[in-house]
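Read-outs throughout are calculated quantities, based only on the coordinates presented, and are distinct from any laboratory measurement. What you see is a predicted model; the values in this text were computed from it and never measured. Note that we place each Cβ from the backbone using ideal geometry, even for glycine, and neighbour counts take in every protein chain shown.
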Amino acid sequence: MKAISLFSGAGGMDVGVQNAGFEIIAANEIDSYACQTYKKNHQNTMLYEGDILSYLDELEKYKGVDLVVGGPPCQGFSVAGRMNLDDPRSKLVFSYCDVVKRVMPRAFIMENVKSLATLDKFKGIREEIFRRMNSLGYGLSMVILNAKDFGVPQSRERMFLLGILGENKEITSADFEVKKEKAISLREAIVHLGRAGSENNTRITKAKITLAEKPVLRKSAYAGMLFNGQGRPLNPDAWSSTLPASMGGNRTPIIDEEHLYDDMPSWVEEHHKSLVDGTKKAAYGDAPKRLRRLTVGEAIILQTFPSDYIFIGPQSKVFSQIGNAVPCKLAQVVASVVKNRLSNKLITGKNNNSYQLNLEIE
């Protein structure tokens, strides 16, 4: 089966879609560094570089393709949840809808942040997306999935809007139950790389780590804010928290090397306990040298990119590409569920529309 990818970024979602058995024949991305990364790793895919609106006519030649995938940015939505029409990013979610209207794929997968599916302030946007897609003949399903439930060592919730042309039966969470796979811990995922700066873990983050003078304390040592900046410490014996696209500076998560590699007690947990019980007073200062930032190589693993995936650009841009991606293993699960539904439709003959003709089943 064949697919086209929109808002492709560095290609994380596309890796998963390919692993599910689709051939990505075309993609679109506007960021120049992400485009370079994409081309390096997806050399057989036609990449349309630039504004998606510039390629609407060209994308029509893929009419009837099996699948359209992509995660349109939603930064242009205002706090009130209404569209800011002066911000071009506001329209990107509907640009995705426009491509689907022109291409009329047998199915589509739209990925986005959880809040688009859950917050009342985005209700109008959700309803407009549903109205447009329903009018084209797509049966729609909206699911919220956490990557950690599908073998990704990271707690990362995302919304997926799934559309099947001419299909009224919803895809539900039950369809994903058989795909569930318990994720390994952060420690199990990254410890083999070795310490930051070693031969297999070279791309380090030098942003300084300082202790907060007025920390925000929570029940867990790994919640709240113990350090200045927004980079939180990671518990090596649990899953990683959601990796942000803003990694590279003081928003990059924090690792305790001696706890990770030498099995020493966690400095973060001991520091947190002493602040909570009052045996230590919070004060600004440098964190111990055993604490350092997450590396590029570790972030790649936590997003389940292949180990040989090549990222191009300055380190801040590489972190952005990694943090913006859909975890490859999660994308594979979603694409495989959609592929199964498409395959069953061809076998049962439930859908007799013209877009099903001359389609290749692999």
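Can you put Y261, Y62 in order, fewest other beta carbons within 10 Å first?
Details: Y261 15, Y62 20.
Going from sparsest to densest Cβ surroundings: Y261, Y62.
Return, ordered by residue number, the residues of segment 287-310 whose backbone nitrogen is under 19 Å from a label point located 7 Å along Cα→Cβ of E199.
297-298, 307-308
Once you have the Cα-Cα distance between T242 and I25, take 0.36 nm times their residue separation minus that, and quote the gain in nm to one decimal.
75.1 nm
Determine the gain in length on full extension of the stretch V113-E269; use 0.36 nm per residue of separation and subtract their C-alpha separation, reporting nm with one decimal. It would help to have the intermediate numbers written out before the result.
Values: separation 156, 0.36 × 156 = 56.16 nm, distance 3.04 nm.
Working it through step by step, the gained length comes to 53.1 nm.
I want to check the label-to-label distance for E157 and E127. Put each point 7 Å from Cα in the C-beta direction and report it in nm to one decimal.
So the label points at E157 and E127 sit 2.3 nm apart.
Can you run phi through the Karplus equation (6.51, -1.76, 1.60; θ = phi - 60°) for segment 158-167 and list ³J(HN,Hα) in whole Hz, with x for Gly and Pro?
After applying 6.51 cos²θ - 1.76 cosθ + 1.60, I find 9, 9, 10, 9, 10, x, 10, 5, x, 10 Hz.
Restricting to the chain, compute how many DSSP beta bridges are antiparallel as a %, nearest 5.
Working: 24 of 43 bridges.
Restricted to the chain, the bridges split so that about 55 percent are antiparallel.
At 10 °C and 1.306 mPa s, what whole-number value in µm²/s does Stokes-Einstein give for the translational diffusion of the chain, with Rh from the Kirkwood sum over Cα pairs?
It diffuses with D of about 73 µm²/s by this estimate.
Between I184 and A283, how high is the FRET efficiency from 1/(1 + (r/R0)^6) when r is the Cβ-Cβ distance and R₀ = 45 Å? Nearest 0.05.
Values: r = 37 Å, r/R0 = 0.81.
Efficiency, from the Cβ-Cβ distance: 0.75.
A 23 angstrom limit on the alpha carbon distance is what I want to check against. Which of K123/K182; K40/K317; K39/K114; K206/K281; K208/K329 exceed it? Let's see the in-between values first.
Details: K123/K182 33 Å; K40/K317 16 Å; K39/K114 29 Å; K206/K281 27 Å; K208/K329 32 Å.
Among K123/K182; K40/K317; K39/K114; K206/K281; K208/K329, the Cα-Cα distance tops 23 Å for K123/K182; K39/K114; K206/K281; K208/K329.
Rounded to the nearest 500 deg cm²/dmol, what is the calculated helix-only ellipticity per residue at 222 nm for the chain, with -39500 (n - 2.57) per DSSP H run of length n ≥ 4? Walk me through the numbers on the way to the answer.
Values: 13 runs with 114 residues, N = 362.
Per the formula, -9000 deg cm²/dmol.
If packing is taken as the average count of other Cβ atoms within 10 Å, what order do 146-158, 46-58 fall into, highest mean first? List each step's numbers first, then the result.
Numbers: 146-158: 20.8, 46-58: 14.5.
Ranked from most to least packed, the peptides come out as 146-158, 46-58.
May I ask for the net charge around G231, where only other residues with Cβ less than 9 Å from the Cβ of G231 are counted and Lys, Arg are +1 while Asp, Glu are -1?
Details: positive: R232, R251, R293; negative: none.
For residues surrounding G231, the net value is +3.
With a Förster radius of 45 Å, plug the Cβ-Cβ distance of D262 and F94 into 1/(1 + (r/R0)^6) and report the FRET value to the nearest 0.05. Could you put the intermediate results ahead of the total?
Numbers: r = 52 Å, r/R0 = 1.16.
Result of the calculation: an efficiency of 0.30.
Measuring from centroid to centroid over Cα atoms, what is the spacing of segment 234-280 and segment 20-76 in Å?
One Cα centre to the other: 37 Å.
Remind me, relative contact order of the chain in percent, using alpha carbon pairs under 8 angstrom and six or more residues apart? Walk me through the numbers before you get to the answer.
Values: 705 pairs, mean separation 70.5, N = 362.
Relative contact order here is 19 percent.
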